[in-house]
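The values are calculated or read from the model by the stated rules, or taken from the named source; none is laboratory data. A quick note: this is a predicted structure, and the numbers were derived from the prediction, not measured. All Cβ positions, even for glycine, are placed from backbone atoms using ideal geometry, and neighbour counts span all protein chains on display.
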Amino acid sequence: MVNLSWENQSSVVEFVLRGFSSTRQLNIFLFMMFLLFYILTVSGNILIVLLVLFNHHLHTPMYFFLVNLSFLEIWYTSNIVPKMLLIIIAEQKTISVAGCLTQFYFFGSLAATECLLLAVMSYDRYLAICQPLRYPMLMTGHLCIGLAASSWLCCFLLTAITMALLSRLTFCGPNEIDHFFCDFTPLVHLSCMDTSLTETISYATSSAVTLIPFILITASYSCILAAILRIPSGTGRQKAFSTCSS
């Protein structure tokens, strides 16, 4: 995508996040609502982390991955919501180009990591229900750490590719982002350079980190459902379903 009319304009040094266009009264309501949701989300996930850390009965693979997911949710929401709250209540809508790219990097990395962690958790439940006798030997502590670490590292490295391409773009036209945080599509639309390579690589990597986990999750839970339906007792089926829902 090339915007030739912007070529002779000076480079943008900051963006303006337009956020929500509403009245002062509605902004106060939105601020209170999002602040409440943010506090509940962060405090709830911190509580989960503390419960698992201090309860030795919960030191199992399932809860290990759940702690990773809770930590991710804390970081994920804290990357976006505080700035969004400032936009709503104080109308501090400007953000530097570096700050915007950094926010996008963590947003993209954490979103991708969440997809992989959910796939890992579904694989853990598949082994626990479909291979119960071999589960302790298969899902070892080293494997749990390796799966979690690989999920984090892989997604942060993949997003770094898109981040590197984005950082090479020149922004020299309008600097208003019609969003409440820095996302990929609004950013590339503001560039005055050809963004076709950046968009192609970004969409390819994002498709991979969503489609592959989706296939793995679907396959795992299909096998789990089939295994549960073969359990003769209602109590056994209920217990198996409860472990998946947790």
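Table: residues versus (1) modelled with pLDDT under 90; (2) in a helix (DSSP H, G or I).
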{"position": "193", "(1), (2)": "yes, no"}
{"position": "199", "(1), (2)": "no, yes"}
{"position": "202", "(1), (2)": "no, yes"}
{"position": "208", "(1), (2)": "no, yes"}
{"position": "226", "(1), (2)": "yes, yes"}
{"position": "236", "(1), (2)": "yes, yes"}
{"position": "240", "(1), (2)": "yes, yes"}
{"position": "244", "(1), (2)": "yes, yes"}
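How many residues does segment 145-193 hold that are touching a Cys at 6+ places or on another chain (Cβ under 9 Å), under 20 Å from residue 95 (Cβ atoms) and polar (S, T, N, Q)?
2
Hey, among 42, 67, 49, 12, which residue is touching a residue at least 12 places away in the same chain (Cβ under 8 Å), part of a loop (DSSP other than H, G, I, E, B) and not polar (S, T, N, Q)?
Numbers: 42 fails: part of a loop (DSSP other than H, G, I, E, B); 67 fails: part of a loop (DSSP other than H, G, I, E, B); 49 fails: part of a loop (DSSP other than H, G, I, E, B).
That would be 12, the only listed residue that is touching a residue at least 12 places away in the same chain (Cβ under 8 Å), part of a loop (DSSP other than H, G, I, E, B) and not polar (S, T, N, Q).
Report, by residue number, each residue of segment 176-191 that is in contact (Cβ under 8 Å) with a residue 40 or more places away in the chain and outside any loop (DSSP other than H, G, I, E, B). First the steps, then the outcome.
Pass one, segment 176-191, residues in contact (Cβ under 8 Å) with a residue 40 or more places away in the chain: 176-184, 187-191.
Across segment 176-191, the qualifying residues are 176, 177, 184, 187, 188, 189.
Out of 86, 40, 69, 26, report the one residue that is exposed (fewer than 15 other Cβ atoms within 10 Å of the Cβ) and either at pLDDT 95 or above or within 24 Å of residue 185 (Cβ to Cβ) (or both).
Sole residue among the options that is exposed (fewer than 15 other Cβ atoms within 10 Å of the Cβ) and either at pLDDT 95 or above or within 24 Å of residue 185 (Cβ to Cβ) (or both): 40.
Let me spell it out: the conditions are (1) at pLDDT below 90; (2) of a type in the set (Phe, Trp, Tyr); (3) in a helix (DSSP H, G or I), and residue 75 meets all of them except one. Which number is the exception?
Of the numbered conditions (1) at pLDDT below 90; (2) of a type in the set (Phe, Trp, Tyr); (3) in a helix (DSSP H, G or I), the odd one out for residue 75 is (1).
Of all residues in segment 178-191, which are within 20 Å of residue 79 (Cβ to Cβ) and either over 24 Å from the mean Cα position of the chain (by Cα) or at pLDDT 85 or above (or both)?
Matches in segment 178-191: 181, 182, 183, 184, 185, 186, 187, 188.
So, in segment 132-169, of the ones that are surrounded by 14 or more Cβ atoms within 10 Å (Cβ to Cβ) and in a loop (DSSP other than H, G, I, E, B), which residue ends up modelled with the highest pLDDT?
Restricting to residues being surrounded by 14 or more Cβ atoms within 10 Å (Cβ to Cβ) and in a loop (DSSP other than H, G, I, E, B), the top hit is 139.
Residue pairs, Cβ under 6 Å, 6 or more apart or interchain, first in segment 224-244 and within 14 Å of residue 122 (Cα to Cα), second of a type in the set (Phe, Trp, Tyr) and at pLDDT 70 or above. List them.
These pairs meet every condition: 224/126.
Collect the residues in segment 89-129 that are surrounded by fewer than 18 Cβ atoms within 10 Å (Cβ to Cβ) and not in a helix (DSSP H, G or I), keeping them in residue-number order.
Selection gives 90, 91, 92, 94, 96.
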